[in-house]
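Let me begin by presenting the structure, written as structure tokens, before commenting on it.
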Amino acid sequence: MGKNVLIIEDEPNIIEAISFILSRDGWDVATHSNGHDAVDVVRSKQPDLLILDVMLPGKSGYDILTELRAEQGTADLPVLMLTARGQNKDRELATRLGASRFMTKPFSNAEVLEALRELVSN
């Protein structure tokens with residue numbers, strides 16, 4: 001499996017931080033910052049892995065994940081969900097909808113790298 005990752009996140013500082021650490025680790029990073037057309041962007045970019053924020057303008061990460069899991073081409077795409085809301089109900093919902101991993105903000109660079117490496121090795 002390759003190392004192409006798409007980050008769908010609306011906070012510029014998080015996009016910059018994750019993009020930097022992943023690029024430095026050899027990943028090819030693409031970014032997008034709204035939920036309106038996120039599913040279309042995933043379809044066109046065809047990433048090996050998706051980092052998806054829960055709270056996005058236009059459409060929630062949960063809704064995006066639901067759409068992706070319903071399509072044959074993206075049903076098995078590894079998805080790391082990010083959220084500032086780390087309550088158990090949020091984690092349970094993400095898991096039920098098909099998230100591969102769930103991580104709360106703030107997170108360490110090492111945590112993100114470890115999670116992505118684990119997801120692409122599965």
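The values are calculated or read from the model by the stated rules, or taken from the named source; none is laboratory data. Here the structure is a predicted model, which means the values were calculated and not measured. So basically every Cβ, Gly included, is an ideal-geometry build from the backbone, and we count neighbours across all protein chains shown. Surface areas here come from the heavy atoms of the whole protein model, side chains and all, with no ligands, DNA or RNA. Shrake-Rupley method; radii C 1.70, N 1.55, O 1.52, S 1.80 Å.
For the chain, what does -39500 (n - 2.57) per DSSP helix run (n ≥ 4), summed and divided by total residues, give at 222 nm, in deg cm²/dmol to the nearest 500?
Using -39500 (n - 2.57) per qualifying helix, the result is -13500 deg cm²/dmol.
For a quick check of understanding: with a 1.4 angstrom probe and all protein chains in place, what accessible area in square angstrom does Asp76 have, to the nearest ten?
Ignoring ligands and nucleic acids, Asp76 comes out at about 140 Å².
Mind listing the long-range amide H neighbours of Ile51? Cut-off is under 5 Å, sequence gap 5 or more, other chains count too, H placed in the peptide plane at 1.01 Å from N.
Amide H neighbours of Ile51: Leu6, Ile7, Ile8, Leu80.
Under a Cβ-Cβ cut-off of 11 Å, what is the net charge of the residues other than Ala94 that fall near it, where Lys and Arg count +1 and Asp and Glu count -1?
+3
If you roll a 1.4 angstrom probe over the protein chains with everything in place, what fraction of the accessible area of the chain belongs to carbon and sulfur, to the nearest %?
Roughly 46 percent of what the probe reaches on the chain is carbon or sulfur.
Got a sec to turn the phi values of the stretch 56-62 into Karplus ³J(HN,Hα) couplings, 6.51 cos²θ - 1.76 cosθ + 1.60 with θ = phi - 60°, whole Hz, x for Gly and Pro?
Each residue's phi maps through the Karplus curve to give 10, x, x, 7, 6, x, 5 Hz.
So, for the chain, what is the accessible surface per residue at a probe of 1.4 Å, expressed in square angstrom?
Roughly 51 Å² per residue, with all protein chains present.
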